[in-house]
Each structure stands twice: as C-alpha cells, then as structure tokens.
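What follows is a set of notes on a single structure, which appears directly below.
Bear in mind these aren't lab numbers, they're just calculated from the coordinates by the rules spelled out. It should be emphasised that the depicted structure is a prediction, and the values quoted were computed from it without experimental measurement. Backbone-built Cβ (ideal geometry, glycine too); neighbour counts: all protein chains shown.
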Amino acid sequence: MSAIIDTFIAPPCFDEIALLFQDDHLLVINKPSGLLSLSGKNPQNLDSVHYRLVKRFPGCTLVHRLDFGTSGLMVVARTKAINAALCQQFSQRTVRKTYQALLCGHLADDDGVIDAAIAKDPAQFPRMVICAIQGKPARSRYQVTERSYYRGKEGKELPVTRVELTPETGRTHQLRIHCQQLGHPILGCDLYGGLALSGAEQAERLMLHASGLTFLHPVSGETLHLSAASPF
C-alpha cells in the first residue's frame, strides 16, 4: 500500500492572529482564514497558529484545531497540565462551540439536526465520507438566521443561507461534510461541493467561522464565554 502524500502548499497568510483572552494558563485567539493550525511536514507550510504563538508564549500547545480555511476561536494551553485538563473537557463534550456559515442555496427548513457517522476516505486524502458502518458517530444542529444572495467574483448573485451551526461531536471536517449531506454545502468549500455548486462564482474563502466558545477555566473554575463576530 503506497503512502499517502499531502501535496498542499499553503499560500502566504498576512492576516494577524487576534488575542482575545490571556492569562498565565491559557489563551483564546481568533484565527484568520488561510492559516494552518499546525505547521505541516513540508517546509513551505511552516507558518501556522502554533508557529506564531510559540514565539510569544514558549511551551504553548493547541488544544484543538480549525481547518485551514476556517476562521475563528481557538483555545491554546500554556502548560501541559492545562492542555490535559482542556482536552478532557473537549473529549467529554462539555465545551460548547458555535459556528457561522453561508450555505449554497436556500434551505427549506429553519432548523434541524444532521446525524451521520463520518469515516476517513481511503481513496481521497484528506477527504472524509459518510459511512454508517465504519464511521464514528457525528451529530450537528443548524439554525437558519437569514436567506439572502451572495455577490460572486464576477458579479452574479448566488442564493445563500446564513446558519448557526452547533456540532455536538468533533469529527474531522464534520460541519463541512454534514452540510454537504444536507444538500447545501458551505460556500467556498473545495472538498465537499461548495465550489461546484457555485461554479465560477465561488467565494474568496471557506465561509465557515468559529464564532462562539464556552468552557470552564481549568484553574479558576469560571465559565468563560468567548465570541468573535463573523467576518462575512
């Protein structure tokens, strides 16, 4: 079996990371779209959230990741013990995450649940697939906030639906593939149909933003509510 090779080269990202919360134990940042969470094996993919932050905060580690094209909130641990405590909250699903997204087309329903197990696609790295047999359980909720039109690169207006997404699990590409399963992929999504539906009128980025994060501070026990407005 041949080794899987990732040929992706990230273009330069000139946007800054916004620091929204900081203490001796952890950070909460707003990641720009077009920045890797972790540096890749290819030396051309060195720039990343971790690469930038570790220069300012030696020893910091990522508790979770956002896809390259996704912007928004990430929590970063400043010590190994804090990382372990925060990872436990994520694994126990006590962390509440909300996302804003623009979906291709106008959804018929105002809200709903997507319940579809997700597995790795052995033939098309890094894609995932819906697979009831081999997949891990995955569940997402959506709430429509607006139906409107998006002006594409060449001036054509595309029907889009703005939704708030709430993942109840944290599978790789969960929201992207669940929206595809819904029949309305995320605008600008290169892996799950968000480019094909919009043709040449594709968006300049993946229209997915981590807008809300709620979790317990591992030391103080305080409930932290962080938010970052959608840039689109």
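Assorted remarks:
- Taking amide H as placed 1.01 Å from N in the peptide plane, the amide H of Val160 sits under 5 Å from that of Gly105, Ser148, Tyr149, Tyr150, each at least 5 places away or on another chain.
- Size of region 91-216 as Cα extents on the principal axes (Å, biggest first): 45, 37, 25
- Charge dipole (debye, nearest 20) of the chain; +1 at Cβ of Lys and Arg, -1 at Cβ of Asp and Glu: 560
- Whole-Hz couplings from phi, Karplus 6.51/-1.76/1.60, listed for region 154-161; x for Gly and Pro: 9, x, 6, 8, 10, x, 9, 10
- Mean separation of Cα pairs under 8 Å and 6 or more residues apart, divided by the residue count, gives region 18-227 a relative contact order of 20 percent.
- Farthest toward positive dipole pole in the chain [+1 Lys/Arg, -1 Asp/Glu at C-beta], among Thr223, Ser71, Leu208: Thr223
- Rounded to whole Å, the principal axis extents of the Cα atoms in region 81-127 read 45, 33, 18, largest first.
- Calculated P(r) tail over 15 Å for region 145-232, as whole % of Cα pairs: 65
- Nearest-0.05 FRET efficiency for His217 and Phe8, computed from C-beta distance (R0 22 Å): 0.05
- Cα gyration tensor shape of region 110-165, rounded if a/c is under 1.5, else prolate or oblate by comparing a/b with b/c: oblate
- The Stokes-Einstein estimate for region 8-120, based on a Kirkwood radius over Cα pairs and taken at 25 °C with 0.890 mPa s viscosity, is a diffusion coefficient of 154 µm²/s.
- Ranking Leu26, Gly194, Ala101 by Cα position along the charge dipole of region 18-227, where only Lys, Arg, Asp and Glu carry charges on their C-beta atoms, puts Leu26 farthest toward the positive end.
- Hull volume per residue, based on the alpha-carbon atoms of region 18-227 and their convex hull, is 137 Å³.
- For region 126-139, the Karplus equation 6.51 cos²θ - 1.76 cosθ + 1.60, evaluated at θ = phi - 60°, returns couplings of x, 5, 10, 9, 7, 8, 5, 8, 9, x, 8, x, 8, 9 Hz by residue, with Gly and Pro reported as x.
- Computed from the C-beta positions of Arg139 and Asp190 and an R0 of 25 Å, the FRET efficiency is 0.55 to the nearest 0.05.
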